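For reference, the structure is listed below as structure tokens.
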Amino acid sequence: MDSDPKVFVISGPSGAGKGTLTDELLKRVPSLTRSVSATTRKPRPGEVNGVDYYFLDEDEFKDRIFQGGFLEWAMVHGNYYGTLKSVVKEEFSSGKDVVMVIDVQGAASIKEKMPEAVLIFIEPPSIAELVQRLKLRNTETTAELQERLKNAETEMGLAGNYDYVVINDDVERAVDELVGIVKAEKRANKSEGDN
């Protein structure tokens, strides 16, 4: 008998490479699907609604909070972010394992509601490297960049609350580590389901 779908939560500071690593992980593990979060932040160039995020205005986001439409939500970097219950329910019904790329507040909420969720923290090799990546990304104002760096220190202090920490010093190596984590957790889940 197949085991129940599993939730993998990936968090880390802005610029740690969560998106890049998750994209590569999804290419290598076809049984995974990425949960698309909702946000009130404006789309970055090239981002597509419903693919990268569900881009909602603040009123719509607050309405969904009021209606209990989120599994978790938080205010991060001055914008709302959250995981829609309807999206996760749809992903589970497909029988696939779900990867959520969410902030540390959201990860804590998910772990509280779903203790079986596997939390993975993506860490940059150093703060200096993180600063460089954010500057090269060139998607934030100076004030936004400062806020993200301040938040990064707090977020990195919470890495000990995660089941795994993956240092993104080399994309290929980090993706190999993520694939290994997913496979090990799925084997453990299958073993538990067989007992």
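General observations
- Residues of region 30-52 that are touching a residue at least 24 places away in the same chain (Cβ under 8 Å) and either within 14 Å of the chain's Cα centre (by Cα) or buried (at least 18 other Cβ atoms within 10 Å of the Cβ) (or both): 32, 33, 34, 35, 36, 37, 38, 39, 40.
- Residues that are assigned to a helix (DSSP H, G or I) and in contact with a strand residue (DSSP E or B) (Cβ under 9 Å, 6 or more places away or on another chain) within region 36-59 comprise just one, 58.
- All of 88, 76 fail the test of being crowded, with 17+ Cβ neighbours inside 10 Å, closer than 23 Å to residue 4 by Cα and touching a residue at least 12 places away in the same chain (Cβ under 8 Å), apart from 88.
- Taking region 143-154 as the range and being out of contact with any His (no Cβ under 8 Å at 6 or more places or on another chain) and under 17 Å from residue 133 (Cα atoms) as the test, the residues that pass are 143, 145, 146, 149, 150, 152, 153.
- The selection criterion, being over 17 Å from residue 177 (Cβ atoms), surrounded by 13 or more Cβ atoms within 10 Å (Cβ to Cβ) and in contact (Cβ under 8 Å) with a residue 40 or more places away in the chain, does not hold for residue 19.
- Looking only at region 1-16, residues that are crowded, with 18+ Cβ neighbours inside 10 Å and either among the hydrophobic types (A, V, I, L, M, F, W, C) or not in a loop (DSSP other than H, G, I, E, B) (or both) come to 6 in all.
- Checklist (1) surrounded by fewer than 17 Cβ atoms within 10 Å (Cβ to Cβ); (2) in contact with a strand residue (DSSP E or B) (Cβ under 6 Å, 6 or more places away or on another chain) applied to residue 115, failing item: (2)
- Selected residue (only one of 33, 20 is within 16 Å of residue 102 (Cα to Cα) and out of contact with any strand residue (DSSP E or B) (no Cβ under 9 Å at 6 or more places or on another chain)): 20
- Among the conditions (1) touching a residue at least 60 places away in the same chain (Cβ under 8 Å); (2) assigned to a helix (DSSP H, G or I), the only one that residue 27 does not satisfy is (1).
- Restricted to helices (runs of 4 or more DSSP H) entirely inside region 106-195, those with at least 1 residues that are more than 26 Å from residue 4 (Cα to Cα) and under 15 Å from the mean Cα position of the chain (by Cα) are 142-156.
- Of the criteria (1) among the charged types (D, E, K, R); (2) buried (at least 21 other Cβ atoms within 10 Å of the Cβ); (3) at pLDDT 95 or above, which one residue 60 fails: (2)
The values are calculated or read from the model by the stated rules, or taken from the named source; none is laboratory data. Remember, it's a predicted structure, so these values are computed and weren't measured experimentally. When we count neighbours, we look across all protein chains shown, and the Cβ atoms used for this are built from the backbone with ideal geometry, even at glycine.
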